[in-house]
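Colleague: Sending over a structure as structure tokens; questions will come in a sec.
The values are calculated or read from the model by the stated rules, or taken from the named source; none is laboratory data. Here the structure is a predicted model, which means the values were calculated and not measured. Every residue, glycine as well, gets a Cβ built from its backbone with ideal geometry; the counts of neighbours run over all protein chains shown.
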Amino acid sequence: MNEPLVEIKGLVRHFVARRSALGRTLATVKAVDGVDLTIQPGRTLALVGESGCGKSTIGRLILRLIEPTAGTVRFGGRDIGAFGDKELRAFRREAQIVFQDPYASLNPRMTVEQVLTEPLALHGIVPAGKRRERVHELLHLVGLDTRFARRYPHEFSGGQRQRIAIARALAVEPKLIVCDEPVSALDVSVRSQILNLLDDLQRRLSLTYIFISHDLSVVKHIATRVAVMYLGRIVELAPAEELFANPRHPYTRALLSAIPLPQPRARQQRQLLEGDVPSPISPPAGCHLHPRCAYAIDRCRIERPELGGDGHATACHRWRELPPAAAAAMVEPPGPRLERLMAKFARRNDGLASAGVDTLGTG
Amino acid sequence: MSALIDISGLKVVFHGDRGRTMHAVDTVNFDLARGATLGLVGESGCGKSVTALAIMGLLPKDSTEVVGHVRFDGVDLLALPDSQLRDLRGDRLAMIFQEPMTSLNPAYTVGEQIIEVLMRHRGLTHDAAREKTIALLRDVRIPSPEQRVDDYPHKLSGGMRQRVMIAMALACDPQLLIADEPTTALDVTIQAQVLELMRTLKEKSGAAIILISHDLGVVAEVCDEVAVMYAGEIVERAPVGELFDNPQHPYTIGLLASIPRLDRRVDKLATIEGSLPDMGHVPQGCRFAARCPFAIEACTAAPPPIVTIGASHWSRCLRAPLDGDAA
């Protein structure tokens, strides 16, 4: 087994939700409430869950964009919490982030060339005379024409902007990229272009991804392992194939079953969760899901379930007793005619993708 | 039985700076029967929301030109004076927007906002309107509506706010409800609840619904019929089952192919290469031809014909009907 690239132990992060007039803390949100995770190099770990489950907070903690309340994050065996200024700067070269909104994450006053040159200059990676060449290389890498270098972000579509944001993250040749909902703001057809690009880059550059998303169908495509989160805790952690074939936790099952399928016949066969996600300021005792869970018993209301098991871990007292999940069986494949017609779009894409992405010419 | 809404030759042109014009919607024709639910699907910029705003008469008059006819129960909405249109909106015509937080007034309780609608259009007294409002909130399954009616919008979750919007839209029993991406801002489990609610309400209220969405899955959940839009035109129209089993426009097929598959693992996702044509200068031939794996030379020469596939199913494609062996 490889040495993990990222190792998270007992990670906790509280935010102050309310203060008194004198500044005393009145209420805290436990955004991340005791999370352990390891991420292997060259793989993709997906963090999945709904708004407020803590998935983005974990992403920021891993990059040390915010400090944890408790717990440690190790990157390549070293505790990033102990890094001084100089080490932190070096760490920024190794771990990067791509945000959801490509309209907000690029400075509108900078040309693409300036956006991509900034990290090169900041870290002194490429000598000034060679930076333009490197910018062109980066654009090529993400499938953009080099003549775009002099343009401003507003001249690009959402998908193209996201390519620029990815190129910026790649500029410093990182090992790890945290992708925080990178395709959520994009149209379906563009979404798959960006997912294919991320996939390609991972293979070529041996990148490790932490892929944060609320969309399980996207996650199924891109992830090696999936951690499902609910109110600050991981409720299920398993290899992607296994999680989708055999979801154990009632919350995972509900998430899967809530995906609207492009199959009118599949209507109304779902297990809906009742009610809303409770306030994270005062989450329910025991298992956080119990007020919404059809299988909850007294034990669930009192005792917090631990995330047990190595290969396929589930934080549910009752997972062994639950009826087998029907989620996967619900999906019916399209007919042979449609499958053949849809393949036209797949085949065409294969040729273009390999032509558009070239290897990175540096060590 | 005549259609409730009959749209013919609808065009929307935006006039921008320096004499630039953009044809956001170009000759859209469709009709919808009472009680039917039509999904209007397409990606950003295809003109689906502009079509909805044109129907509702909500486009700014000074910079937009709306041509054609929108017949609602026999009356052309585009020819109505503003005052009469205002009487219709919120009454027989209702609309739900994507972001409930920006469409609710933060300075008033949710109850007051629905009460206002009922007093304006139904002439109810405040007390009667309040009672009816509580009943409406109960219909959209808001827990303890007697208390919630006095809450301000910020006190409610996103899903609850969208329920309030739905309750407000249904307050006067509209004949036509337009829902523009009603669940896009919601989490997936909450989206499932709201879609379920819309299905129930549609049967109960008997209103015709136009559901605008970029998500084919959402449309498959709720709609009876689907119109797929691309670059300002409807490119395919079909009953919902037919559209998903037997799509006949390459763009529809491309959209379906781009959805990540849950039934099996694929190495590479299918994509629709390229991007929308510049809406200032749309190509003369088929607008999708440049991105279409089925395109032949004739596709770029002239606008494609509308090919009838079956009962209420047509496709704006020279190559339709497409079969699986098509070269």
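Colleague: Would you please name the residue that is farthest from B:V218 (Cα to Cα), looking only at residues in segment B:241-258 that are surrounded by fewer than 21 Cβ atoms within 10 Å (Cβ to Cβ) and facing chain A (nearest Cβ under 7 Å)?
Modeller: So the first thing to find is which residues in segment B:241-258 are surrounded by fewer than 21 Cβ atoms within 10 Å (Cβ to Cβ), and the list is B:241-242, B:245-246, B:256.
Okay, now just the ones that are also facing chain A (nearest Cβ under 7 Å), so B:241, B:245, B:256.
Numbers: B:G241: 13, B:D245: 16, B:L256: 13 Å.
Applying the filter and picking the extreme gives B:D245.
Colleague: Return only the number of the condition from (1) among the charged types (D, E, K, R); (2) buried (at least 22 other Cβ atoms within 10 Å of the Cβ); (3) over 21 Å from B:I259 (Cα atoms) that A:E113 does not satisfy.
Modeller: For A:E113, the exception is condition (2).
Colleague: Return a yes/no flag: does segment A:47-70 have any residue that is small (G, A, S), at pLDDT 95 or above and surrounded by fewer than 17 Cβ atoms within 10 Å (Cβ to Cβ).
Modeller: Yes, there is a match, as at least one residue in segment A:47-70 is small (G, A, S), at pLDDT 95 or above and surrounded by fewer than 17 Cβ atoms within 10 Å (Cβ to Cβ).
Colleague: Checking the condition of a type in the set (D, E, K, R), within 28 Å of A:A90 (Cβ to Cβ) and within 14 Å of chain B (Cβ to nearest Cβ), which residue from A:R131, A:R163 passes? Give the steps one after another, and end with the answer.
Modeller: Values: A:R131 fails: within 14 Å of chain B (Cβ to nearest Cβ).
On inspection, the qualifying residue turns out to be A:R163.
Colleague: Could you tell me which of the residues B:S157, B:S205, B:S103, B:S144 is within 14 Å of chain A (Cβ to nearest Cβ) and closer than 27 Å to B:V218 by Cβ?
Modeller: B:S157
Colleague: What single numbered condition from (1) touching a residue at least 40 places away in the same chain (Cβ under 8 Å); (2) more than 7 Å from every other protein chain (Cβ to nearest Cβ); (3) not in a loop (DSSP other than H, G, I, E, B) fails to hold for B:V282?
Modeller: All conditions are met except number (3).
Colleague: Oh, and also: Search segment A:121-132 for residues that are at negative phi and pair each with any residue that is in a helix (DSSP H, G or I) and of a type outside the set (A, V, I, L, M) when their beta-carbon atoms are under 7 Å apart and the residues are at least 6 apart or on different chains.
Modeller: Taking only residues 6 or more apart or on different chains, the pairs are A:H123/A:R93; A:V126/A:R134; A:R131/A:T117.
Colleague: Looking only at segment A:95-110, decide whether some residue is outside any loop (DSSP other than H, G, I, E, B), buried (at least 18 other Cβ atoms within 10 Å of the Cβ), among the polar types (S, T, N, Q) and in contact (Cβ under 8 Å) with a residue 60 or more places away in the chain.
Modeller: If we filter segment A:95-110 for residues that are outside any loop (DSSP other than H, G, I, E, B), which is where we start, we get A:95-98.
Next, only the ones that are buried (at least 18 other Cβ atoms within 10 Å of the Cβ) stay: A:95-98.
Now restrict to residues that are among the polar types (S, T, N, Q): A:96.
Of the ones still in play, those that are also in contact (Cβ under 8 Å) with a residue 60 or more places away in the chain are A:96.
Yes, there is a match, as at least one residue in segment A:95-110 is outside any loop (DSSP other than H, G, I, E, B), buried (at least 18 other Cβ atoms within 10 Å of the Cβ), among the polar types (S, T, N, Q) and in contact (Cβ under 8 Å) with a residue 60 or more places away in the chain.
For (1) touching a residue at least 12 places away in the same chain (Cβ under 8 Å); (2) part of a helix (DSSP H, G or I), each residue gets a yes or a no:
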site: B:V50; (1), (2): yes, yes
site: B:P60; (1), (2): no, no
site: B:E65; (1), (2): yes, no
site: B:G68; (1), (2): yes, no
site: B:Q98; (1), (2): yes, no
site: B:Y108; (1), (2): yes, no
site: B:E112; (1), (2): no, yes
site: B:I115; (1), (2): yes, yes
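Colleague: Within the group A:C293, A:C287, which residue is closer than 13 Å to A:Y230 by Cα, more than 13 Å from chain B (Cβ to nearest Cβ) and either touching a Pro at 6+ places or on another chain (Cβ under 7 Å) or free of Cβ contacts under 8 Å to residues at least 24 places away in the same chain (or both)?
Modeller: On the way: A:C293 fails: more than 13 Å from chain B (Cβ to nearest Cβ).
Just a single option satisfies the conditions, and that option is A:C287.
Colleague: Here's something else I'd like to know. Name every residue in segment A:199-217 that is within 12 Å of chain B (Cβ to nearest Cβ), surrounded by fewer than 24 Cβ atoms within 10 Å (Cβ to Cβ) and part of a helix (DSSP H, G or I), in order of residue number.
Modeller: Residues of segment A:199-217 within 12 Å of chain B (Cβ to nearest Cβ): A:199-200, A:203, A:213-217.
From the residues that got through so far, the ones that are surrounded by fewer than 24 Cβ atoms within 10 Å (Cβ to Cβ) too are A:199-200, A:203, A:213-215, A:217.
Hits for segment A:199-217 are A:D199, A:D200, A:R203, A:S217.
Colleague: Right, here's the next one. Of B:A231, B:A238, B:A227, B:A270, which residue is touching a residue at least 12 places away in the same chain (Cβ under 8 Å) and at the interface with chain A (Cβ under 9 Å from one of its Cβ atoms)? Break it down stepwise before answering.
Modeller: On the way: B:A231 fails: at the interface with chain A (Cβ under 9 Å from one of its Cβ atoms); B:A238 fails: at the interface with chain A (Cβ under 9 Å from one of its Cβ atoms); B:A227 fails: at the interface with chain A (Cβ under 9 Å from one of its Cβ atoms).
Selected residue: B:A270, the only one of B:A231, B:A238, B:A227, B:A270 that is touching a residue at least 12 places away in the same chain (Cβ under 8 Å) and at the interface with chain A (Cβ under 9 Å from one of its Cβ atoms).
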